[in-house]
C-alpha cells in the first residue's frame with residue numbers, strides 16, 4: 001500500500017519535488033509542509049530505500065499514471081494457453097490427421113499443446129502402441145513446434161507437451177528494380 005502525507009512514519013525521508021529535483025533528506029513534517037504550500041501531496045514512492053524516497057506530487061494524478069502504465073503492461077503480455085488434444089490407441093488415420101492439423105494450428109497461434117493418450121483396460125499391456133502414436137505426432141509436427149516434455153506416463157495416461165517454435169526473423173527480400181538505363185531505353189522497330 002502506498003503511504004501519503006501523515007501516514008509516512010520514517011524519521012527522515014529523501015524528498016523529490018514535482019519537477020524531479022532532489023531537495024535532500026528532510027524530516028517528514030517539513031516535507032509535508034512544503035507539499036501543502038504547493039497544494040500537492042507527499043507520496044512515498046520507494047518505501048524500502050534507506051532513507052525512504054518521497055515525492056511531492058498530486059496523488060490522484062500519480063494513481064492515474066500508475067494504473068495507465070499497468071494496463072499498458074497487461075496489453076503487451078501474451079497469455080500462453082495450453083490446449084489439449086486427446087488421442088486413443090485405436091485412433092484411425094483420418095482422425096489422427098485431423099488432430100495433428102489441430103495441433104499445428106494451435107502451435108501456429110502461439111499456444112502450447114498437450115497431446116494425451118489414455119489407455120483403457122487391456123491396452124495398458126501394449127503401451128508401445130501409445131508411444132508410437134505420440135512419437136509419430138512429434139515427428140509429423142516437425143518445424144511447427146518443439147517438444148517441451150517428452151512423452152511420459154501419468155497413471156493410465158501418456159502425455160507430451162509441445163511448445164510453439166521460436167520464429168526467426170527473416171530479412172525481407174528487396175523487390176527487383178530495373179536499372180535506370182533499361183527503363184529509359186526506347187525500343188526501335190525496323191519497318
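Read-outs: derived from the displayed coordinates by stated rules, not from any lab. Keep in mind that this is a model prediction, so the values were computed, not measured. Cβ coordinates were reconstructed from backbone atoms using ideal geometry, including for glycine residues, and neighbour counts include every protein chain displayed.
The separation of region 1-25 from region 62-83, counted between C-alpha centres, amounts to 28 Å. Full extension of the chain between residue 46 and residue 84 yields a length gain of 9.3 nm, computed as 0.36 nm times the residue separation minus the alpha carbon distance. Packing here is the average count of other Cβ atoms within 10 Å per residue, and on that basis the peptides 81-92, 7-18, highest first, run 7-18, 81-92. With R₀ fixed at 22 Å, the C-beta to C-beta distance from residue 143 to residue 105 puts the FRET efficiency at about 0.95.
Across region 15-171, the mean sequence separation of Cα contacts (distance under 8 Å, 6 or more residues apart), normalised by length, yields a relative contact order of 16 percent. Most tightly packed first, judged by the mean number of other beta-carbon atoms within 10 Å of their residues, the peptides 26-37, 64-75, 141-152 read 26-37, 141-152, 64-75. The slack between residue 37 and residue 154, meaning 0.36 nm per residue of separation minus the straight C-alpha distance, is 35.4 nm. Nearest 10 degrees is fine. How inclined is helix 93-108 to the longest principal axis of the chain, computing both from alpha carbons? Long axis of 93-108 versus the principal axis of the chain: about 30 degrees. Note on region 5-74: semi-axes of the ellipsoid equivalent to its C-alpha gyration tensor, largest first and rounded to whole Å, are 22, 14, 10. Could you list the residues of region 13-49 with an amide nitrogen less than 11 Å from a label point located 7 Å from the Cα of residue 66 in the Cα-to-C-beta direction? The answer is 43-47, whose backbone nitrogens lie closer than 11 Å to the label point. Would you mind telling me the antiparallel percentage of the DSSP bridges in the chain, rounded to 5? Bridges in the chain that DSSP calls antiparallel: roughly 70 percent.
Entry note, the chain: the mean residue ellipticity at 222 nm calculated from DSSP H runs of n ≥ 4, each adding -39500 (n - 2.57), is -10500 deg cm²/dmol after division by the residues and rounding to the nearest 500.
Under the shape rule built on the C-alpha gyration tensor, where the axes satisfy a ≥ b ≥ c, region 90-171 is prolate, since a/c reaches at least 1.5 and a/b is greater than b/c.
One decimal place: the segment residue 2-residue 74 gains 23.8 nm when fully extended, by the rule 0.36 nm per residue minus the C-alpha distance.
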